[in-house]
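Encoded as structure tokens, the structure appears first; notes follow it.
The values are calculated or read from the model by the stated rules, or taken from the named source; none is laboratory data. Small disclaimer: the values here were computed from a predicted structure and weren't measured. Positions of Cβ are generated from backbone atoms using ideal geometry, with glycine treated the same way; all protein chains shown enter the neighbour counts.
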Amino acid sequence: MADPNVTKRTFRLELTRALMAGGIIEAFSTTFLLYFLIKVYDANDTLKSAVMSSQRGGLLLGFLVVAFAHRWHQAPSRVASITFFTAAIALAVASSTETATIFAISIAIASCMWSWTPPLVTQFYRANYPSDRRGRLFSLVAIVRGLSAVVIGYAIGRWLEHAAQTGQDLRLVLWLAPAAFLMTAVFLWCIPIHPQLKSMGRIPRQSYWAAFHWLGRDKRFALAIIAWMSVGIGMLMSGVLLVEYLANPRYGLAYDSGTISLISIGIPTTIQLATTYVWASWFDKVRFFRLRLVLNAVGAIAVLVIYLSPHIGGLYLGAALLGLFRGGGNIAWNLWVTKLAPEDHVGEYMSVHTFFTGIRGILTPWLGYYLLREHGVSAFAWVCFGFVMLSSITVIPLLRDEKR
């Protein structure tokens with residue numbers, strides 16, 4: 001059991017980080033950085049592609065950062081803090097330049113560094129939070145961050161409209177990003193480190209690829225990674241190409257921007273935030289792989305309803321089911337290794353998980369576009385469904401083992 005004082009301090013710092021900085025980071029990473037690349041810097045496709053792929057690159061590098069923390073016996077929260085501080089410098093360079101190339105390279109560096117931190121965060125959550133409340137504490141932080149991102153995103157959007165009309169320099173708002181990263185660095189530095197160092201132990205120097213050895217040593221972990229790859233490919237394909245399906249006349253819909261925004265963002269995000277705490281409570285109480293099967297069922301049904309429904313009401317229902325899936329999926333993706341990994345190796349397990357997340361994140365858009373273009377919407381939907389069902393089949397032996 002975690003020290004109650006450590007838990008309380010960690011939770012307060014994480015909640016404050018989500019409120020003051022997390023919303024800004026979410027809003028910029030998902031919307032406004034790409035907006036500036038297109039509208040302000042008129043960046044070419046190469047620069048835009050570099051920025052969009054940089055986060056996947058960070059996921060691929062997470063295992064090296066975790067290995068560094070273990071090799072030099074550094075608290076994961078401190079390593080994450082240094083990462084965010086360095087990324088803040090890169091964002092400051094981006095905010096001060098008028099050159100598209102420098103802006104894009106700086107943003108790509110910051111995005112890459114930001115996206116290799118989840119294994120570090122999961123490691124100190126395991127050390128500083130008790131197992132019977134970990135999911136709920138994480139969910140409360142996620143809800144605050146999501147609500148903050150909605151409010152801040154709306155405020156920034158309105159300010160950009162006003163600035164464009166009055167002739168102000170739009171780039172002034174970019175300074176919010178390095179400020180948010182700097183605040184994040186400070187909050188992470190203040191996270192209690194003693195439980196983290198105690199849980200890590202003094203691990204001998206080893207290869208930076210040591211995290212991948214767990215795939216051979218822990219057969220349950222290897223099977224779980226295969227299950228995650230299957231469900232990830234299916235749900236990522238369906239999510240990445242949702243706007244393409246709704247907007248492109250080739251597929252018979254061609255909805256207006258308001259309807260597309262409602263189906264792809266408004267409804268799923270609302271349902272996700274409304275159900276996150278419920279999923280988190282279940283995560284804390286039940287065996288994980290049973291939860292994984294339920295999530296797979298919800299996601300698979302959502303895909304079929306969205307892509308095979310002949311009426312817009314079906315799209316609304318499918319969007320709600322997608323939000324329900326994401327509410328639990330966010331908890332599961334971030335915390336599942338805490339239920340499987342030895343305490344001192346949570347970061348290593350998570351870094352392998354994020355590595356394969358990056359792999360499928362790179363591959364699925366290509367596969368999805370091919371299926372949608374060459375074989376049509378119906379085949380695309382059933383292939384996505386099939387990948388999710390394959391994940392469920394893979395989970396069944398893990399469920400039996402979990403019961404034993």
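Numbers for the structure displayed
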item	result
The lone exception for Ala320 - which of (1) surrounded by fewer than 23 Cβ atoms within 10 Å (Cβ to Cβ); (2) of a type in the set (A, V, I, L, M); (3) in contact (Cβ under 8 Å) with a residue 60 or more places away in the chain it fails	(3)
Counted residues, the range 378-391 - those being more than 27 Å from Phe221 (Cβ to Cβ) and either modelled with pLDDT under 90 or among the small types (Gly, Ala, Ser) (or both)	3
Trp336 vs. criteria surrounded by fewer than 24 Cβ atoms within 10 Å (Cβ to Cβ) and free of Cβ contacts under 8 Å to residues at least 24 places away in the same chain	no
The listed residue being outside the structural domain of Ser53 (by TED's automatic domain parsing), without any contact (Cβ under 8 Å) to a residue 60 or more places away in the chain, more than 20 Å from the chain's Cα centre (by Cα) and buried (at least 17 other Cβ atoms within 10 Å of the Cβ), out of Val383, Val377, Val305	Val305
Residue check, Ala254 loosely packed, with under 14 Cβ neighbours inside 10 Å and either in contact with a Leu (Cβ under 7 Å, 6 or more places away or on another chain) or in the same structural domain as Ile359 (by TED's automatic domain parsing) (or both)	yes
Residue list for the range 232-257, filter: assigned to a loop (DSSP other than H, G, I, E, B) and of a type outside the set (A, V, I, L, M)	Asn248, Gly252, Tyr255, Asp256
Residues within the range 163-200 that are part of a helix (DSSP H, G or I) and among the charged types (D, E, K, R), tallied	2
Lone unmet requirement of (1) under 23 Å from Ala149 (Cβ atoms); (2) touching a residue at least 12 places away in the same chain (Cβ under 8 Å) for Leu47	(1)
Tally, over the range 22-42, of residues that are part of a helix (DSSP H, G or I) and either not assigned by TED's automatic domain parsing to the domain that holds Leu91 or not aliphatic (A, V, I, L, M) (or both)	11
Qualifying residue in the range 219-227 (condition: among the basic types (Lys, Arg) and either in a helix (DSSP H, G or I) or closer than 30 Å to Ala381 by Cβ (or both))	yes
Residue tally, condition surrounded by fewer than 18 Cβ atoms within 10 Å (Cβ to Cβ) and of a type in the set (S, T, N, Q), over the range 21-40	2
Residue match in the range 347-355 (condition: outside the structural domain of Ile143 (by TED's automatic domain parsing) and over 21 Å from Leu223 (Cβ atoms))	no
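Let's see how each residue does on (1) surrounded by 21 or more Cβ atoms within 10 Å (Cβ to Cβ); (2) within 28 Å of Leu262 (Cβ to Cβ):
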residue	(1), (2)
Leu324	yes, yes
Gly329	yes, yes
Ser351	yes, no
Phe356	no, no
Pro365	no, yes
